[in-house]
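I have placed the structure first, in the form of structure tokens, so that the comments after it can refer back to it.
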Amino acid sequence: MEDFIQKFHSGWAYLALLVLVVAVVNSLIGMFSKKEFTSKDRKIALFGLIAIHTQLVVGVLLYFVSPNGLNMIKAVGMGGLTTESRLLALEHPLINIIAIVLITIGWSKHKKATTSESKFKTFSIFYGLGLVLILSRIPWKIWF
């Protein structure tokens with residue numbers, strides 16, 4: 001079961017990152033070209049939100065069943081974590097949760113924005129920061 005969840009988490013990450021990149025690029029284009037915010041732009045951002053929340057749910061599940069998550073901390077303690085195990089057991093989950101909170105805040109704040117420029121700017125900032133944080137904590141060595 002853990003192996004399936006791990007493979008799904010890794011595979012879904014490609015889709016989630018792709019959709020998130022598209023949402024960020026779309027918001028940057030909209031902001032700099034001063035175009036009107038449409039339902040298409042809202043749907044792109046919503047798909048990014050859904051994809052990244054799905055990744056979170058699978059990741060949280062994996063954190064509790066994987067030997068590299070909570071079980072690693074229980075086995076060796078915080079002081080016994082190596083650089084790689086600290087990334088998997090602590091940094092990756094924590095930073096990605098912070099990133100997803102930022103993305104969710106961006107989604108919520110765009111609803112209160114009244115102009116197209118402010119909607120695009122909100123998505124650019126919050127989704128962009130979330131994307132940068134996520135990319136900074138991907139365990140690249142084991143992902144490829």
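Is it fair to say LEU20 is surrounded by 13 or more Cβ atoms within 10 Å (Cβ to Cβ), of a type in the set (A, V, I, L, M, F, W, C), modelled with pLDDT of 95 or more and more than 18 Å from LYS119 (Cα to Cα)? Break it down into steps so the answer makes sense when it comes.
Working: surrounded by 13 or more Cβ atoms within 10 Å (Cβ to Cβ): yes; of a type in the set (A, V, I, L, M, F, W, C): yes; modelled with pLDDT of 95 or more: yes; more than 18 Å from LYS119 (Cα to Cα): no.
No, not satisfied.
Does LYS35 meet the test of being touching a residue at least 24 places away in the same chain (Cβ under 8 Å), under 18 Å from SER116 (Cβ atoms) and of a type in the set (Lys, Arg)?
Yes.
Specify the residue that is nearest to the chain's Cα centre (by Cα); the eligible residues are those in segment 50-91 that are within 18 Å of TRP143 (Cβ to Cβ) and of a type in the set (Val, Ile, Thr).
ILE52
Could you please give the count of residues in segment 79-96 that are exposed (fewer than 15 other Cβ atoms within 10 Å of the Cβ) and under 22 Å from LEU17 (Cβ atoms)? Working first, answer last.
Filtering segment 79-96 for residues exposed (fewer than 15 other Cβ atoms within 10 Å of the Cβ) gives 79-80, 82-84, 94.
Now drop any that are not under 22 Å from LEU17 (Cβ atoms), which leaves 84, 94.
Summing the residues that are exposed (fewer than 15 other Cβ atoms within 10 Å of the Cβ) and under 22 Å from LEU17 (Cβ atoms) in segment 79-96 gives 2.
Check ILE138, ILE103, ILE125 and return the single one that is of a type in the set (A, V, I, L, M), touching a His at 6+ places or on another chain (Cβ under 9 Å) and within 15 Å of VAL22 (Cα to Cα).
Just one listed residue meets the conditions, ILE103.
Here are some residues: LYS121, LYS109. Which one is buried (at least 16 other Cβ atoms within 10 Å of the Cβ), in contact (Cβ under 8 Å) with a residue 12 or more places away in the chain, closer than 15 Å to LEU49 by Cα and charged (D, E, K, R)?
Exactly one of LYS121, LYS109 is buried (at least 16 other Cβ atoms within 10 Å of the Cβ), in contact (Cβ under 8 Å) with a residue 12 or more places away in the chain, closer than 15 Å to LEU49 by Cα and charged (D, E, K, R), namely LYS109.
Out of segment 3-44, which residues are in a helix (DSSP H, G or I) and of a type in the set (Phe, Trp, Tyr)?
If we filter segment 3-44 for residues that are in a helix (DSSP H, G or I), which is where we start, we get 3-33, 39-44.
If the condition is that a residue be in a helix (DSSP H, G or I) and of a type in the set (Phe, Trp, Tyr), then PHE4, PHE8, TRP12, TYR14, PHE32 are the ones that fit.
The values are calculated or read from the model by the stated rules, or taken from the named source; none is laboratory data. These numbers were taken from a predicted model, which means no experiment stands behind them. A quick note on method: Cβ atoms are made from the backbone with ideal geometry, for glycine too, and the neighbour counts reach across all protein chains shown.
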